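Here the structure is laid out as structure tokens; the discussion comes afterwards.
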Amino acid sequence: MSAAPVGSVPAETAPAATAVPVGRQRTPGRPGPSPERSWSADPYSHALRTGRGPLFLRRTDGWLLPLDVERWCAPADAADLEVLARCEGAVLDVGCGPGRLVAALGARGRRGLGIDVSEAAVARTVRCGGQALCRSVFDPLPGTGRWGTVLLMDGNLGIGGDPSALLDRLAQLLVPGGLLIAETAPQPDVDERALVQVTDARGGPGPPFPWARLGTPALLRHADRAGWHPDAQWSTGDRCFVALRTGRPPARPAH
């Protein structure tokens, strides 16, 4: 599949590829733990620097979700490239991690920006040739209302622990009719909100923060209530994806 035509990134969305002060990645107006200390401190930073796990999200009941650090730190794979081929216009990768998608966009002449609350993630993205800012999706961001595509990959539907608030924020970032491509949990019945901690094999967890996990049916329910329109669903191997569009502007009357 060939890539969609490249749209121009708004002028202010081409920042210098350096980190800026970290913002709060929590739902606006909702008090609670803030995850930037977890995602920007060891063991997560150590895993990104080395490119290896093991690394987990740990629920308060002790359940562990393995995090695929080696895949995140590797070049974009076939599933990633199919996602990038579906992107339209300027691309914002929310929770870009070590930057494989932003780097792959740049290598293909596409314009994109990654954001992440982890300084280690932003630094690795820049080393890979991508552009990234150390910010939360809920912080003020360049190009608000003019992004053609937003990406939520590798479980980043969980950001903030409140899918409805996250979807509302992403709608603000996109152009009318803009595209969201989200990776959902491979278990279709998952619809979960919980406090989690980042931990490694040594069992030294960071501070807890709110997170969510959604299978495709749960995402579609939240999206429908928030005024999004389904555009596509697909899977590649054991990874599942959904494309959604924001509400389009009113049609102009015919003359």
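Readers should treat all values here as calculations from the given coordinates under stated rules, not as data from a laboratory. In this text the structure is predicted, and so the values were computed from the model without any measurement. Using ideal geometry, Cβ is built from the backbone for each residue, glycine included, and neighbour counts are taken over all protein chains shown.
Determine ³J(HN,Hα), in whole Hz, for all residues of region 114-130 in sequence, where each value follows from phi through the Karplus function 6.51 cos²θ - 1.76 cosθ + 1.60 and θ = phi - 60°; x replaces Gly and Pro.
x, 10, 7, 7, 8, 5, 5, 5, 4, 4, 5, 4, 5, 4, 7, x, x
Compare the peptides 144-155, 62-73 by average per-residue count of other Cβ atoms within 10 angstrom and give them in order, highest first.
144-155, 62-73
Can you compute 3J(HN,Hα) from phi for each residue in region 88-98, using the Karplus curve 6.51 cos²θ - 1.76 cosθ + 1.60 with θ = phi - 60°, rounded to whole Hz and x for Gly and Pro?
Rounded to whole hertz, the list is 10, x, 6, 10, 10, 9, 8, x, 5, x, x.
Give me a comma-separated list of calculated 3J(HN,Hα) values for region 189-201, in order, Karplus coefficients 6.51, -1.76, 1.60 applied at θ = phi - 60°, integers in Hz, x for any Gly or Pro.
These are the phi-based 3J(HN,Hα) values: 8, 6, 8, 9, 10, 7, 8, 9, 9, 7, 9, 10, 5 Hz.
Ratio of Rg to Rh for region 96-164, alpha carbon only, Kirkwood?
Details: Rg = 11.8 Å, Rh = 12.5 Å.
Rg/Rh: 0.95.
If each residue of separation counts as 0.36 nm, what is the full-extension length gain between SER235 and GLN187 once their alpha-carbon separation is subtracted?
Gain on stretching SER235 to GLN187: 16.1 nm.
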